[in-house]
1. Checking the condition modelled with pLDDT under 90, buried (at least 18 other Cβ atoms within 10 Å of the Cβ) and at negative phi, which residue from E192, E229, E210 passes?
2. From V106, V88, which residue is under 30 Å from G267 (Cα atoms) and modelled with pLDDT under 85?
3. Just for the range 33-62: of the residues that are open to solvent by 80 Å² or more (accessible area, probe 1.4 Å) and modelled with pLDDT of 85 or more, which one is nearest to E253 (Cα to Cα)?
4. Let me confirm something: among K186, K199, which residue is open to solvent by less than 10 Å² (accessible area, probe 1.4 Å), within 25 Å of A254 (Cα to Cα) and of a type outside the set (A, V, I, L, M, F, W, C)?
5. Can you tell me which residue in the range 339-364 is modelled with the lowest pLDDT, limited to those that are over 10 Å from W313 (Cα atoms) and polar (S, T, N, Q)?
6. What is the number of the single condition among (1) in a helix (DSSP H, G or I); (2) in contact (Cβ under 8 Å) with a residue 24 or more places away in the chain; (3) of a type in the set (S, T, Y) that Y380 does not meet?
7. What tally of residues in the range 284-305 results from selecting those that are over 23 Å from G24 (Cα atoms) and open to solvent by 30 Å² or more (accessible area, probe 1.4 Å)?
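The values are calculated or read from the model by the stated rules, or taken from the named source; none is laboratory data. For clarity, every value in this text was computed on a predicted model and none was experimentally measured. Using ideal geometry, Cβ is built from the backbone for each residue, glycine included, and neighbour counts are taken over all protein chains shown. Heavy atoms of the whole protein, side chains included, go into the accessibility calculation; ligands, DNA and RNA do not. Shrake-Rupley method; radii C 1.70, N 1.55, O 1.52, S 1.80 Å.
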Amino acid sequence: MLVHGLVFLAALTVKLDQTQLRSGCEASAETIATLAAGTPVEVRFRVADGSDCFKISASVNGHAVAGYLDASALSNVAQFEQQRTAAVSLDSSRALNPVEAESKKVVARSGDPDLQRASQLLEANQPTRALEILEPMLKRDFKNPDLLLLAGLAAYRADEARTALDYWSQSLDLKPNDSLSRIYDKVRRELEADRSGDKLLGLHVALRYEGQTLPADTARALVSTLDEEFSRVSSLLGCWADERIVAIVQSREAYLRSTGAAEWSGGQYDGRIHISWMEGTDVSREMRRRLAHELVHACLTNLSAGGPPAPAWLQEGLAQKLSGDTLSRASRDRLRQLAEAHQIPRLEDLRQNWSRLSTENALLAYNLALAAADALYDNYSSYGIRNVVSNPQVLQQVTAELDKLLGL
């Protein structure tokens, strides 16, 4: 994973005099300061919902200020974006795919009912229970490279990266494996960059965080917020958590270094929730929104366990809608214009991984997904949203109908 910190990207400056620095991305948000043309800004992050809004810091009359600016208020955004998209990262969930596919083949060939049960538990997002089956097997057969590979997967998914590396190292010593070697190196680098060693347990979540970034009271408030939001989301979508969902909260720098996420990203779900902490000690409305967004991804992943994953538009559309995002009239009009010009993909053609989309394409994809989620609720509530998202055949039919409603 190559790390490209924001400090290496193009310098951004304010375009116009009297530019208002606000407390949020919305035009109605409170004005914090007024910036002069040419004021240099330091980018903290690009907001994860594709709204084309930056969190920045700047100096005004010798005093440091921080707040939000629309990308249109800044110069050099195109150069910034060009350099950003040149950065290479390895998305964790995609990176694991070859090894997970290989492990399934091993399990199928073995015919071992215990291995099959452990594999099923992994697919159902219950890695701790899978480990409970695999570790006694390893004591009896500690030189089985395939068993060590599977145990490493379970440990990694259970947020026990050091144990995973130990199992994978033993597996590689016994049997060379290029796919596993790449994952081993990636997780080793991820672990070296991770400083989040403090832990708190909630009803539905296990929080791991950086004690130097998050005070203990703030961490407790985060756990409470995560539990509340999961209860709300699960009541709407009908998902569950047989094991606690792991949430990892890090400083902005550590988040980018350990996940390799795009600079506009503020959160990520790869089987575990990763969140970049914003300044302050309170769980802000924006932070609650971000937590809810990633919990929807966890919820939909659990619902599709053992089957095909939820499509990208459903994942991102519901994550936005259920975290409180709304689509502006201008964005709806733009989508309509693009649809009429046949310059927008059908919902089922949206690719699964959006983490490396350019900002323009990310904005379009997120807006389209949110429009589809709105249409889903407007037109199919009588079906029961739970029934739609948990039934692949119904979802396929509804997706085709939504394409027509959206003019795609």
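1. Working: E192 fails: buried (at least 18 other Cβ atoms within 10 Å of the Cβ); E229 fails: modelled with pLDDT under 90.
Residue meeting the stated conditions: E210.
2. Details: V106 fails: under 30 Å from G267 (Cα atoms).
Only one candidate qualifies: V88.
3. Initially, the range 33-62 is screened for residues open to solvent by 80 Å² or more (accessible area, probe 1.4 Å), giving 40, 42, 61.
Next, from what is left, pick out any that are modelled with pLDDT of 85 or more: 40, 61.
Numbers: P40: 20, N61: 27 Å.
My answer is P40.
4. None of the others qualify; the one that does is K186.
5. By that ranking, first place goes to S355.
6. For Y380, the failing item is (2).
7. Here is the first cut: in the range 284-305, the residues over 23 Å from G24 (Cα atoms) are 297-305.
Then drop every residue that is not open to solvent by 30 Å² or more (accessible area, probe 1.4 Å), which leaves 301, 303, 305.
Total satisfying the criteria: 3.
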